[in-house]
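Only one structure is covered here, and it is reproduced in the block below.
The values are calculated or read from the model by the stated rules, or taken from the named source; none is laboratory data. The structure presented is a predicted model; accordingly, all values stated were derived computationally and were not measured. FYI the Cβ positions are ideal-geometry reconstructions off the backbone, even for glycines, and counts take in every protein chain you see. We work out accessible area using only protein heavy atoms, side chains counted, and drop any ligands, DNA or RNA first. Shrake-Rupley method; radii C 1.70, N 1.55, O 1.52, S 1.80 Å.
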Amino acid sequence: LKVAQVGRSGNAVAMGQSSLCQTSSGADLFVEHNEHTALIKEETEDERQRHLHERHASSSLRTGFDNCRRERLQKVVKSDWTWEKQEALHPREAMYRLLKHLKMDPDGGILNIEKGTGQASKLRALKKDRLERTLAVIGAARAVGNPTLMLCFALSLLYRYFFQETYRTHMRHQCHEIRLHVPLEQLYVICAVMEVAVATYCVLRALYHGLRAYCYGNKAPVGSTTTLGCNYKYMYVAEFYLRDIPTLQSLSSLRLLAYAHPNLISKNAKLFTSKDDIARAMLEKFVDREPNSCDDEQLAERLAGLIVQHDHKVCDEEQQIQEAHNLVDLTPYNALMRFTKSEVFEDRGHLVSQGLKPEALDKLWRLHLITALEKVVFVVAVFVCAFFGVVEFFTKVCRLSLLLTDPHVYWWTPVVFFVFLVNQSMG
């Protein structure tokens, strides 16, 4: 069965082995079955016009993007560009200005894209079915129960260890029976203190965002000169639901293992390094600009223009455009490394004639040193997180064994702790 959908509301249902064909106008949807043709759905004139307009808008968008890209590369090749004066803005203020000209849709989205012709209501997609509602209830229960149990078990261990001699004696006896020469008793206390501190901080942060979302009025933040067009409290709503709730659902010291997970090491390494920031500062000095006055694209375009005009000046325009295409999207660090390997980097006289300051790159060894040190520190941090994460997991398993053999606790206490441990392990 092959089914094609024309328009947003087109649906086709066929049984058996069928094949589909479409008329030349793209308006009617047919299903052929054993040489018999049945009309499934025919679009109205409005739907047909809307569908054609969307296809035309999509094609125009791709064509316009390609043309702008080529014009940009041609300016790089011909060095036909000027520095645009950038105003120093706080990121939050920049976001307000970016969203100032947009007309917000009541049910989400933007109305003034493509002159409002492509707007469709999302209320139907936002409505949840029974399964999604059930998962939402489970998620809310996890967000409340996980930090509550985390605090209860940690505080209970600390209280009974410091104020109940029988429990402390039982813990020491249990630790001696474990055939590992590790200070398990001290690890219990250290992990409990860490969990109390982490859980308290995360709960207070979630309560702060929740209260701000409930109490915040529709007023601009202090120091802002623009209006966003919507209620500012929804920023705190997004912070509460998109960050705090998922964090509380699986909050645990076991999350240290995420920094040592093999599938996440490469991502964490990109977030850990600051080589792009340092390279950007050096390049701004090199092109004789004020700090934080150039974006990454401008710096990459400037270096690409120097490389293409000097190293590839004997090539034709298409080859120069292709070389510029490979350079203009590089990060500041990669662009700087590519520039240092080019021939124009050694021609200091040419760089000075272009109004540049090649002496700003004389101490490039500092960047290499910092990059090497960051790699060493990152590797050490990964091993440290892996060590403490494994110690935390080992301690929790031993704690479960301690609860199972403790005659002074209720039978359901180790069961709840086991469910609590499984929930944290899933996170």
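For the residue pairs Lys128/Lys267; Lys275/Lys357; Lys313/Lys363; Lys75/Lys285; Lys75/Lys270; Lys270/Lys341, the C-alpha atoms sit more than 25 angstrom apart in Lys128/Lys267; Lys313/Lys363; Lys75/Lys270.
Treating only the Cα positions of the range 258-351 as identical point scatterers, give the base-10 log of I(q)/I(0) from the Debye formula at each q in 0.16 Å⁻¹. Debye curve over Cα of the range 258-351, log10 I(q)/I(0) at q = 0.16 Å⁻¹: -0.71. Shown here for the range 307-355: trypsin sites (Lys or Arg not before Pro) in loop regions (DSSP other than H, G, I, E, B) with at most 15 other Cβ atoms within 10 Å, namely Lys313, Lys341. Each part reduced to its alpha carbon centroid, the range 274-297 and the range 151-212 end up 47 Å apart.
Over the range 275-427, what is the relative contact order in percent, taking alpha-carbon pairs closer than 8 angstrom and at least six residues apart?
For the range 275-427, the relative contact order is 24 percent.
A dipole drawn for the range 257-303 from +1 and -1 charges on Cβ atoms has a positive end, and of Leu257, Val287, Thr273 the residue lying farthest that way is Leu257. Remark: the range 250-368 carries a charge dipole of roughly 820 debye about the Cα centre, counting +1 on each Lys and Arg Cβ and -1 on each Asp and Glu Cβ. On full extension, the segment bounded by Gln74 and Leu242 gains 56.2 nm, given 0.36 nm per residue less the C-alpha separation.
Were the residues from Ser250 through Tyr234 laid out at 0.36 nm apart, the gain over their Cα-Cα distance would be 3.3 nm. Each residue of the range 269-276 was assigned a 3J(HN,Hα) from its phi angle through the Karplus expression (A = 6.51, B = -1.76, C = 1.60, θ = phi - 60°), giving 5, 5, 6, 7, 6, 10, 5, 5 Hz with x at Gly and Pro. Highest-first packing order for the peptide set 133-144, 280-291 is 280-291, 133-144, based on the mean count of other beta carbon atoms within 10 Å.
For the range 316-327, 3J(HN,Hα) computed residue by residue from phi via the Karplus equation (6.51, -1.76, 1.60; θ = phi - 60°) reads 6, 5, 5, 5, 5, 5, 5, 5, 5, 4, 7, 10 Hz, glycine and proline entered as x. For the range 324-427, the dipole from Cβ point charges (+1 on Lys and Arg, -1 on Asp and Glu) about the Cα centre works out to 140 debye, to the nearest 20. Rolling a 1.4 Å probe across all protein chains gives Cys385 an accessible area of roughly 30 Å². Shape summary of the range 301-427, radius of gyration then Dmax from alpha carbon positions: 28.8, 86 Å. Considering only Leu403, Phe417, Leu351, the residue lying farthest towards the positive end of the dipole of the range 339-427 is Leu403, judged by Cα position with unit charges set on Cβ.
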